[in-house]
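For reference, the structure is listed below as structure tokens.
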Amino acid sequence: MTSSLRMTTESTTITTHSTAQFAYLISQISTSLINASPAESAQHIENALAALGSNDRKDRCYVFLFSNDYNEMSNTHEWVNDGITAHKDDLQGVPASAMPWFFREMKANGLILVNDTAQLPDEAGGFKAELVRENIQSMMAVGMYLEGRLIGFVGCDLVHRQCDWSDEDVRQMRLVADMITNTLARHRTEAQLQQMEAELRAANTRLAQLAHEDGLTELKNRRGLDAALSSELSRLQRKQQVLTVMMIDIDHFKQLNDQHGHMVGDAALRCVAQELKHTLQRSGETIGRFGGDEFLAICPLLTEAEAQQRAETLLARISSCEGAAQLTISVGIYTFIPTATSTPDDVMRKVDNAVYRAKHNGRDRFEIAS
Ligand SMILES: Nc1nc2c(ncn2[C@@H]2O[C@H](COP(=O)(O)OP(=O)(O)OP(=O)(O)O)[C@@H](O)[C@H]2O)c(=O)[nH]1
């Protein structure tokens, strides 16, 4: 097909390009859009509109997207010729109620052709007023369809001049609309994939946390404590720095359970966990529930004297646990500089012995491991 000229007596001459020129233009646009990353897409779509507009000597080319409920539309991309006013900013969230005729026609036919704004029917009042406001004499818009659903349109305007649009104009605009739609679709899919990946990563992180967390107290569980103890042993052995491990065991907890029931027992465990957090956990320290009514605190760089002070504070505070006024604890403290032969089992044996001595010596007290 060759170049086509569509004229009316009062209209400006509009030279549409040859099919060969247009095919070349399309391939250029298509390549830039195919290669565009989501971040670059806005610029590439505007470049595509610029190429379309300048080759065809249009004054303004644009993309509008509808909201999902078709209650409004927004101008998302725009190119304007030299000396032509841009309107993208004032065409955001344009309500359907402002130009019902346009919305209806676009939804029904996916095509609006205006050769002469003055000839628009009366029912197109709101739309016509907008064209007059922008000094548009001819305009054309073709729908963008994603999986059969109208999502927006690509359009172009002639300002202060007029033309009769041809079938070839419509065909070319449809091609561009399809290309832009495919680009938007690809970017939407990529964005959805990225979001799914982020959600999956967050879920995996949470799962990993849960695997190391005690459900009742939300402290680390035994698995989490084992991992922390092993890692601190090797870290502090390398640095030759001191490590304090404290075991905290509730006194006569079985009795509390038997007398008041498991719910009260659970509340006491949660309360002790809170007190441990407040009193023992500083930055870089780990506390957790070792099992049953036993808790463990792993405190790098904490000296024996500091550990004793903390144990005293804890012993004093624990009796205030609500609903369990009689609550007391026994604490074992082991402070040492790890060596190459230190193992988690050794450490646990040491603090366990210290707790045993605290129990043996009357409970509600702490003992230092030898
Ligand atoms: N409510 C509740 N009780 C638990 C939980 N896990 C373990 N226990 C109970 O904790 C109690 C621990 O009892 P023991 O190991 O005999 O120790 P104790 O009664 O505190 O005695 P001493 O340590 O010698 O002072 C047992 O009765 C367990 O059933 C739990 O998650 N919730």
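Numerical summary
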read-out	value
Test for residue 275: is it closer than 28 Å to residue 241 by Cβ and at pLDDT 95 or above	no
Set 249, 258: member being over 35 Å from the mean Cα position of the chain (by Cα), within 15 Å of the ligand (Cβ to nearest atom) and crowded, with 20+ Cβ neighbours inside 10 Å	249
Residues located in region 76-109, provided they are in a loop (DSSP other than H, G, I, E, B) and within 14 Å of residue 152 (Cβ to Cβ)	88, 91, 92, 93
Residue in region 288-301 that is more than 20 Å from residue 353 (Cα to Cα), assigned to a loop (DSSP other than H, G, I, E, B) and at pLDDT 95 or above present	yes
Some residue of region 106-127 being surrounded by fewer than 18 Cβ atoms within 10 Å (Cβ to Cβ) and either of a type in the set (Phe, Trp, Tyr) or under 25 Å from residue 44 (Cα atoms) (or both)	yes
Flag if residue 282 is more than 8 Å from the ligand (Cβ to nearest atom), surrounded by 20 or more Cβ atoms within 10 Å (Cβ to Cβ) and farther than 16 Å from residue 334 by Cβ	no
Among (1) within 16 Å of the ligand (Cβ to nearest atom); (2) without any contact (Cβ under 8 Å) to a residue 60 or more places away in the chain; (3) surrounded by fewer than 17 Cβ atoms within 10 Å (Cβ to Cβ), the one test that residue 367 misses	(3)
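Conditions tested, residue by residue: (1) under 13 Å from residue 248 (Cα atoms); (2) in contact with a Ser or Thr (Cβ under 9 Å, 6 or more places away or on another chain); (3) in a loop (DSSP other than H, G, I, E, B).
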residue	(1), (2), (3)
264	no, no, no
268	no, no, no
275	yes, yes, no
309	no, no, no
314	yes, yes, no
321	no, no, yes
326	no, yes, yes
333	yes, yes, no
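The values are calculated or read from the model by the stated rules, or taken from the named source; none is laboratory data. Here the structure is a predicted model, which is why all the values come from computation and not from measurement. Heads up, the Cβs are rebuilt from the backbone with ideal geometry, glycines too, and the neighbour counts pull from every protein chain shown.
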